[in-house]
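Taking it in order: structure first as structure tokens, then the write-up.
The values are calculated or read from the model by the stated rules, or taken from the named source; none is laboratory data. Values in this document were obtained by computation on a predicted structure and should not be read as measured data. Reconstructed Cβ throughout: ideal geometry from the backbone, glycine too, with neighbour counts over all protein chains shown.
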Amino acid sequence: MSFFDDLQKIVGKSHFFDDNETLNKYGKDESFVHPIKPACVVYPANANMVTSVIKWANETKTPVIPVSSGGPHFRGDTVPSIGGAVIMDLSKMKKIIRVSYREQLALVEPGVTFAELAPELEKEGMMPHMPLAPRYTKSVIGSYMEKEPIIQPRHHWCPVDPLLACQLILGSGDLLQTGSSKGVWTLEEEWKQKKAQKWWASESYDIVKIAQASQGSLSVLTWSSIKCALLPKIHNFFFVPCTKIAPLIEVAYTLLRFRWAEELFIVNNQTLASIVAKKGVDVEEIRDSLPRFMLIVGIAGFPEFFPEERAETQERDIREVTERYGVQMVPALPGGLTGEKIRKLLYTVSDETYWKMRQKGAFQDIFFATTLDLAPVFIDEMYLLAAGCGYPSQDIGVYVQPMVQGTSCHLEFQFPYDPANSRETLKVKELVTKGARQLAAKNAYFYRPYGEWKTIAYERFGGEEYAAIKKIKSIFDPNDILNPGKVCF
């Protein structure tokens with residue numbers, strides 16, 4: 001009798017895999033994390049199966065690694081830290097349970113991707129809050145649970161956004177519903193009472209804040225309601241190019257203060273070229289034709305709220321702001337790159353070749369939270385670090401995304417490299433390792449501590465903070481079965 005016979009009975013033989021091809025696929029990713037093959041992979045079809053798998057894991061003391069997005073994976077968080085683990089892939093849980101225009105929300109399972117959600121929302125006059133050009137296999141809930149920043153900072157009111165109420169299966173096997181869905185009624189009964197799962201927080205504690213960015217080491221989310229944006233009638237994109245990033249930071253601060261613009265972020269020519277190029281060989285040519293930095297601004301007019309007047313007024317006011325700081329807002333860039341083209345690229349997922357891999361076949365990145373005014377300092381520091389490691393500065397992608405109404409920002413550096421070139425691979429490995437530590441010493445905050453970053457992120461903690469985090473883990477996951485070895489547990 002096999003050790004996994006009971007597990008097979010829970011999910012069904014058709015949802016259980018232990019062949020070498022499948023195990024090898026889940027035993028590694030695109031990061032530098034050491035590969036470890038799992039013992040098997042299961043695909044639960046519903047929340048009851050997830051609960052049963054976790055209870056089985058507690059009884060047998062078997063590690064379980066939750067996964068919701070399809071490959072390729074890049075952070076090492078889905079690779080087992082120890083042998084004998086079970087990969088629980090939630091990508092088959094694809095129900096879009098509810099879409100409500102009145103509440104501007106959708107309720108979805110973890111396997112739903114942005115590519116699958118967007119057309120369903122469009123039928124109801126809405127669209128999802130998007131991260132920057134996600135890959136086509138990216139789970140909506142996976143993205144939001146990992147705090148990937150959205151490109152619409154005006155709608156980002158707190159770090160939890162756009163997540164709302166959730167259903168979580170804790171590492172103990174207990175089911176917990178959060179926020180406005182935490183009552184004794186079923187979802188259907190709540191809907192009959194005209195209740196919506198619109199709020200994420202409970203009265204005494206904010207469990208969603210605790211579970212976010214924990215890399216599946218505390219709980220497994222089986223559905224969540226999420227905020228959605230209204231679909232504009234008018235949606236125009238503009239560029240504010242500049243050779244230096246400092247004036248663009250000042251413009252961004254002003255627009256954020258007035259809550260103008262729907263989409264608002266800064267990229268350099270390398271990042272924008274990677275998103276725009278259809279083939280890797282085109283990246284350098286497009287990059288060299290673009291200004292060094294660009295603030296990208298989306299202006300919208302909505303069907304029920306004087307769309308033409310709103311769009312015209314915001315465009316005029318934003319132009320005045322840009323001119324005040326010595327830069328100009330333009331509808332297109334050299335090489336025929338128009339605002340309409342950018343809009344389509346940002347609201348359709350990246351194709352089969354993810355844009356960060358397009359130039360050389362692989363990439364590594366460093367990202368952290370800081371404030372907008374410090375972004376130029378960190379960018380200069382990164383260029384110096386790259387020069388010291390022999391990495392060409394022109395190949396570094398830069399992405400600055402304001403978060404939480406501009407009170408902070410996500411600052412990201414991308415380093416494309418050829419994985420077949422061992423010398424280039426070693427340079428990038430040295431750069432991301434050394435760079436993360438040196439940037440942290442200058443107060444970069446690694447709010448999503450993957451891989452080696454967990455040491456950097458948590459080593460500053462005192463004994464009391466570390467003890468509190470360990471206590472939370474012991475409550476949520478007493479047998480340490482959920483993704484052991486990740487974060488600081």
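Okay, here's what the table says:
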{"quantity": "In the stretch 42-57, the residues that are crowded, with 21+ Cβ neighbours inside 10 Å and part of a loop (DSSP other than H, G, I, E, B)", "calculated": "44"}
{"quantity": "So residue 468, is it modelled with pLDDT under 85 and either charged (D, E, K, R) or farther than 27 Å from residue 376 by Cα (or both)", "calculated": "yes"}
{"quantity": "Filter result (more than 30 Å from residue 250 (Cβ to Cβ) and without any contact (Cβ under 8 Å) to a residue 40 or more places away in the chain) within the stretch 389-405", "calculated": "390"}
{"quantity": "Residue check, residue 116 within 25 Å of residue 197 (Cα to Cα), in a helix (DSSP H, G or I) and at pLDDT 95 or above", "calculated": "yes"}
{"quantity": "So residue 408, is it without any contact (Cβ under 8 Å) to a residue 12 or more places away in the chain and not assigned by TED's automatic domain parsing to the domain that holds residue 150", "calculated": "no"}
{"quantity": "Residues (among the small types (Gly, Ala, Ser) and either within 19 Å of residue 75 (Cα to Cα) or not in a loop (DSSP other than H, G, I, E, B) (or both)) located in the stretch 119-150", "calculated": "133, 139, 142, 143"}
{"quantity": "The one condition in (1) in a loop (DSSP other than H, G, I, E, B); (2) without any contact (Cβ under 8 Å) to a residue 40 or more places away in the chain that residue 484 fails to fulfil", "calculated": "(2)"}
{"quantity": "Single match in 417, 391, 399 (criterion: modelled with pLDDT of 95 or more and either over 24 Å from the mean Cα position of the chain (by Cα) or in the same structural domain as residue 283 (by TED's automatic domain parsing) (or both))", "calculated": "391"}
{"quantity": "Residue count for the stretch 229-248, restricted to those that are under 17 Å from residue 410 (Cβ atoms) and surrounded by 23 or more Cβ atoms within 10 Å (Cβ to Cβ)", "calculated": "1"}
{"quantity": "Lone qualifier among 79, 86, 64 - being touching an Asp or Glu at 6+ places or on another chain (Cβ under 6 Å), buried (at least 16 other Cβ atoms within 10 Å of the Cβ) and touching a residue at least 40 places away in the same chain (Cβ under 8 Å)", "calculated": "79"}
{"quantity": "Test result for residue 224, crowded, with 23+ Cβ neighbours inside 10 Å and within 22 Å of residue 114 (Cα to Cα)", "calculated": "yes"}
{"quantity": "Of all residues in the stretch 352-369 being of a type outside the set (A, V, I, L, M, F, W, C) and more than 17 Å from the chain's Cα centre (by Cα), the one that is modelled with the lowest pLDDT", "calculated": "352"}
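Residues are listed down the side, and each one gets a yes or a no for (1) crowded, with 18+ Cβ neighbours inside 10 Å; (2) out of contact with any Lys or Arg (no Cβ under 6 Å at 6 or more places or on another chain); (3) closer than 24 Å to residue 369 by Cβ:
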| position | (1), (2), (3) |
| --- | --- |
| 418 | no, no, no |
| 429 | no, yes, yes |
| 437 | no, yes, yes |
| 443 | no, yes, yes |
| 464 | no, yes, yes |
| 483 | yes, yes, yes |
| 487 | yes, no, yes |
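Matching residues to (1) over 14 Å from the mean Cα position of the chain (by Cα); (2) at pLDDT 95 or above; (3) part of a loop (DSSP other than H, G, I, E, B):
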residue	(1), (2), (3)
62	yes, yes, yes
76	yes, no, yes
80	yes, yes, yes
88	yes, yes, no
103	yes, no, yes
106	yes, yes, no
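So that you can scan it fast, the table gives a plain yes or no per residue for (1) of a type outside the set (D, E, K, R); (2) in the same structural domain as residue 177 (by TED's automatic domain parsing):
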residue	(1), (2)
208	yes, yes
223	yes, yes
245	yes, no
248	yes, no
257	no, no
267	yes, no
